[in-house]
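Below: the structure, in structure tokens.
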Amino acid sequence: MAKILSIGQAVYREANSIQISEPDDWGWFYRSEDGDMLVIQVHKNIWGKWVRTIPYHVLPNPQIDVTDLKVEHRNDLPYSVKARIVSKDRNNKKAKSAPVLFKRISLDRFSHLESKESVENAYLEPESGYRPTLFFFMLGGTGSGKTCWLTALSTGTIQDKIFSQRHIHYFDQSPETIVAPDGTKPETIIFHPFFLSKKRNKKDMRAVVFIVDISGEIGNYKRRDPQFEILRDSIGELASGLFVVRSEKWLLGQKIIQNDPSEFIILDLLQRDNDLDEDKFCYILTCADKIKDMLEKGEDIRLDLAPDSPIFTQTDCTAKQMYENMAIASDLMKRRDGTIGNSPCFAVSCCSNTGKKDDKTGREFLDFDAAYNADLPIVYMLQRLVKTR
Ligand SMILES: Nc1nc2c(ncn2[C@@H]2O[C@H](COP(=O)(O)OP(=O)(O)OP(=O)(O)O)[C@@H](O)[C@H]2O)c(=O)[nH]1
Ligand SMILES: [Mg+2]
């Protein structure tokens, strides 16, 4: 059984780790344009009416208060909190604002913020805590295509395909052609929320899946570096599964600039008692389009592959096509890295190069609408590890 967080367990980042915040620790934060801050907690009273309290973690601000509280809830937990702010001026005259929206924070994290840190550091991850939640982490060297793969998953074409077959939805839609993403920074952990429903109906949300994008730069950490240990422990505690991402450069044995962090983190995780065994790992080979190009140009890349191999065509995600892709990708990847063992492997194309560059940044525009098979790894892993019906 995959690890799963229950309803009420929201998450937030603290440096390199992921922390859990339970409803008692949820606060609602507001700051006015003048910098007046207010933190409240909301709960239902015995008559079922939502009321606010001032949490003991924070000093009350006698100059401001709230009125006309409006709380939307999910599973009986506050989801959106709005209220009007009542403030007193120097002459004790009261003024009432238009309704404002509060931000959900961890009170514990908030009360420990250092003065130089901003309140954003205490924000709880939107959508977390209201449904059973699963985490998949991504590991792979710098430039292996992790962020691009996630971007591909959020584009229209891939979305429609996953949506029509497996009831996986993405929360936002992103543009089809965008400039190449920045390298992900090692101190950031980025959550990408997907949700699973029973029917093709977004309202019938059953579970939330966070795919967590982790920078390849963590490959530069030393094994005993506390930053590395903290991150590894979060992965060990929370991961339902791991996507290990590698590019065509890795496959062809080309020089890669940085250490691939996946290797030593995987070894470390496998040696620990944390439920992370081979079948929770899924290997993704990105840049299938580039490999195809090389084969078409007749370059000598010694892969024993033809440009019309099924891994270079968009599939409809049927079991047959999925296993075909898996068989070929596994063969390619396992020949290069024997430690992959029995974990599933997929070959995907996240985008294609357009040759056009952004005038300002000099970075290339990538066409994510041309992505193919990017859906296979997520469909396969969710099907295997999560039961939604
Ligand atoms: N043609 C093609 N290019 C790709 C593909 N995947 C990634 N790329 C290229 O590889 C570059 C790096 O990809 P990223 O997704 O930013 O790499 P990353 O793994 O997130 O790297 P870090 O954030 O530094 O860890 C992109 O800017 C693209 O140019 C793919 O499937 N096809
Ligand atoms: Mg990245």
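The values are calculated or read from the model by the stated rules, or taken from the named source; none is laboratory data. Note that the coordinates shown come from a computational prediction; the quantities given were computed from them, not determined experimentally. Cβ sites come from the backbone with ideal geometry, for glycine too, and all protein chains shown count toward neighbours.
Within region 328-346, the residues that satisfy the criterion of being out of contact with any Cys (no Cβ under 9 Å at 6 or more places or on another chain) and among the small types (Gly, Ala, Ser) are 338, 341. Counting only residues that are part of a helix (DSSP H, G or I) and under 30 Å from residue 295 (Cα atoms), which one in region 206-254 is modelled with the lowest pLDDT? Among those that are part of a helix (DSSP H, G or I) and under 30 Å from residue 295 (Cα atoms), it is 216.
Cβ separations smaller than 6 Å between residues 6+ apart or across chains give the following pairs from region 179-192 residues that are farther than 20 Å from residue 364 by Cβ to residues that are of a type outside the set (Ser, Thr, Tyr) and within 8 Å of ligand 2 (Cβ to nearest atom): 190/213. Within region 287-305, residues that are at positive phi have Cβ atoms under 8 Å from residues that are more than 16 Å from ligand 2 (Cβ to nearest atom) and in a helix (DSSP H, G or I) in these pairs: 287/248, counting only partners at least 6 apart in sequence or on another chain.
Of the residues making up region 148-194, those that are touching a strand residue (DSSP E or B) at 6+ places or on another chain (Cβ under 6 Å), modelled with pLDDT of 80 or more and either more than 13 Å from ligand 2 (Cβ to nearest atom) or of a type in the set (D, E, K, R) (or both) are 191, 193. Evaluate the following for residue 292: is it in the same structural domain as residue 145 (by TED's automatic domain parsing) and surrounded by fewer than 17 Cβ atoms within 10 Å (Cβ to Cβ)? No; evaluated as a whole, the condition is false for this residue. Among residues of region 109-146 being under 16 Å from the mean Cα position of the chain (by Cα), closer than 23 Å to residue 22 by Cβ and not in a loop (DSSP other than H, G, I, E, B), the one that is nearest to ligand 2 (Cβ to nearest atom) is 137. In the set (1) closer than 24 Å to residue 237 by Cβ; (2) touching a residue at least 60 places away in the same chain (Cβ under 8 Å), residue 120 fails one condition alone, (2). Screening residue 288 against (1) at pLDDT 85 or above; (2) under 21 Å from the mean Cα position of the chain (by Cα); (3) among the small types (Gly, Ala, Ser) leaves a single unmet condition, (2).
Scanning region 268-295 for residues that are of a type in the set (Asp, Glu) and within 14 Å of ligand 1 (Cβ to nearest atom) yields a total of 2. Of all residues in region 296-325, those satisfying the criterion of being under 18 Å from residue 153 (Cα atoms) and surrounded by 13 or more Cβ atoms within 10 Å (Cβ to Cβ) are 311, 312, 313, 314, 315, 317, 322, 325.
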